[in-house]
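First up is the structure itself, then whatever we jot down about it.
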Amino acid sequence: MDSDITVIGGGSWGTAIAVNLARNDLTVKLFLRREKQVKEIKETKINQDYFPQHKLPPEVIPTADLKKAVSNARIVFIAVPTEATRSIINEIAGHIGENTKVVSTAKGIEEETLQTNSEIIANHLNNNQKLAVLSGPTHAEEVMEGKPTAAVIASEDKDSARKIQRIMNNKSFRVYTNPDVIGVELGGAVKNIIAVAAGIAYGLNYGDNAIAALITRGLAEMSRYGKERGAKLYTFSGLAGLGDLIVTCNSSHSRNRTFGYKIGEGKTFSQAEQEVGQVVEGIKTTKALYTAFKKGKVRTELPITAEIYQVLFAGKSPDKAVEDLMTRDPKREMEEVVNMKDWL
């Protein structure tokens, strides 16, 4: 069976993307690094590491041959953590077809450079290879179960966005398009910091008022930073901003919330990270943004990010961090929006 669609990364999200595409009768190559995992999936049709209760459809073809996986693909989804994006694009850049569409799906910011995943990938593409970003409130577990989900595909190339929208849309997965690539990516990345904070608040049993305030002020923080980076503010009121923020702050499926919850309960950083057992993007994103702010590379005020950094990396108690957030100088709400023109 040949395929012109490839998903790189056999973790939870990569597997869910492949399964959703297969529901549309599309054959999809799923690249996994470990031969043992590929063999196991071929024999059992189960990705035991992530979804032991789900059989993968026959249209999902596992492979450990990276060159073969991408060389004939018209569309390549990159579903690896942000920390692995640069190495994987370095590996495949010379093997991607001349007119291939590349879809970035990770939600993070590279610590050393402050680049988003699409910015990392873009340096390796030619003018004919079109880049898109998939984001939104999309827990892999619910996509695997076929529960109703909506997402955003962002690209500066309208035709590419619509093409990817068409191949992903079905009765349980609805995709909207958006030209604001940087806004969609930053919404997906920065909300992970807020989700760690929400998890801490849940772990401290602070209640609904605190969570509502945290989500709302977290959205303001995301929007301010997005505006500094050239994003459109309206993007943060959509699926890749507010939508993703709500689900990640409140769902038990969220690794970032779960990690924060364990910190709030009193676990150490290493204990919480070990118990989650998967990549928690919010950790590195917190460090990246706060470090850049301290170096003057980010001008926007980031009070929640700063307090989460102090809790995770400087030994500050979560209770003290919350107290310091609550006793900051009084502010006017929405002062980052001067007038409605800022939303356009």
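The values are calculated or read from the model by the stated rules, or taken from the named source; none is laboratory data. Given the structure is predicted, the values throughout are model-derived calculations rather than measurements. Cβ coordinates were reconstructed from backbone atoms using ideal geometry, including for glycine residues, and neighbour counts include every protein chain displayed.
At-a-glance table
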| item | result |
| --- | --- |
| First in the stretch 122-134 and assigned by TED's automatic domain parsing to the domain that holds I167, second anywhere and surrounded by fewer than 19 Cβ atoms within 10 Å (Cβ to Cβ) and not hydrophobic (A, V, I, L, M, F, W, C), Cβ under 7 Å, 6 or more apart | N128/E98; N128/N99; Q129/N99; K130/D157 |
| Residue count for the stretch 27-38, restricted to those that are modelled with pLDDT of 95 or more and more than 24 Å from the chain's Cα centre (by Cα) | 2 |
| Residue check for G277: farther than 26 Å from D180 by Cβ and either surrounded by fewer than 23 Cβ atoms within 10 Å (Cβ to Cβ) or without any contact (Cβ under 8 Å) to a residue 40 or more places away in the chain (or both) | yes |
| Some residue of the stretch 62-81 being polar (S, T, N, Q) and closer than 20 Å to D180 by Cα | no |
| Boolean, P62 is surrounded by fewer than 16 Cβ atoms within 10 Å (Cβ to Cβ), free of Cβ contacts under 8 Å to residues at least 60 places away in the same chain and outside any helix (DSSP H, G or I) | no |
| Residue in the stretch 42-85 that is modelled with the highest pLDDT, counting only those that are touching a His at 6+ places or on another chain (Cβ under 9 Å) and under 17 Å from L131 (Cα atoms) | V70 |
| Residues that are touching a residue at least 60 places away in the same chain (Cβ under 8 Å) and either of a type in the set (A, V, I, L, M, F, W, C) or not assigned by TED's automatic domain parsing to the domain that holds P318 (or both), drawn from the stretch 280-307 | V280, I283, A288, L289, A292, V298, L302, I304 |
| Test set (1) surrounded by 24 or more Cβ atoms within 10 Å (Cβ to Cβ); (2) in a helix (DSSP H, G or I); (3) of a type in the set (A, V, I, L, M, F, W, C) - A69 fails condition number | (1) |
| Evaluation of V190 against (1) surrounded by fewer than 22 Cβ atoms within 10 Å (Cβ to Cβ); (2) closer than 16 Å to P137 by Cα (one fails), failing number | (1) |
| Set G241, G230: member being surrounded by fewer than 22 Cβ atoms within 10 Å (Cβ to Cβ) and either without any contact (Cβ under 8 Å) to a residue 60 or more places away in the chain or outside any helix (DSSP H, G or I) (or both) | G230 |
| Qualifying residue in the stretch 93-107 (condition: out of contact with any Asp or Glu (no Cβ under 9 Å at 6 or more places or on another chain) and at positive phi) | no |
| Total residues in the stretch 96-138, condition of a type in the set (D, E, K, R) and in a loop (DSSP other than H, G, I, E, B) | 5 |
| Residues within the stretch 140-166 that are part of a loop (DSSP other than H, G, I, E, B) and either more than 17 Å from the chain's Cα centre (by Cα) or surrounded by fewer than 21 Cβ atoms within 10 Å (Cβ to Cβ) (or both), tallied | 6 |
| Single residue of N209, N192 found to be part of a helix (DSSP H, G or I) and either free of Cβ contacts under 8 Å to residues at least 12 places away in the same chain or among the basic types (K, R) (or both) | N209 |
| Residue within the stretch 262-282 that is among the acidic types (D, E), within 28 Å of V175 (Cβ to Cβ), at pLDDT below 95 and part of a helix (DSSP H, G or I) present | yes |
| Matching entry among I78, I88 (being crowded, with 19+ Cβ neighbours inside 10 Å and closer than 21 Å to L21 by Cα) | I78 |
| The stretch 36-59, residues that are more than 14 Å from G11 (Cα to Cα) and surrounded by fewer than 18 Cβ atoms within 10 Å (Cβ to Cβ) | K36, K39, E40, K42, E43, T44, K45, Q53, K55, P57, P58 |
| Hits in the stretch 294-312 - residues which are more than 19 Å from K331 (Cβ to Cβ) and not in a helix (DSSP H, G or I) | K295, G296, K297 |
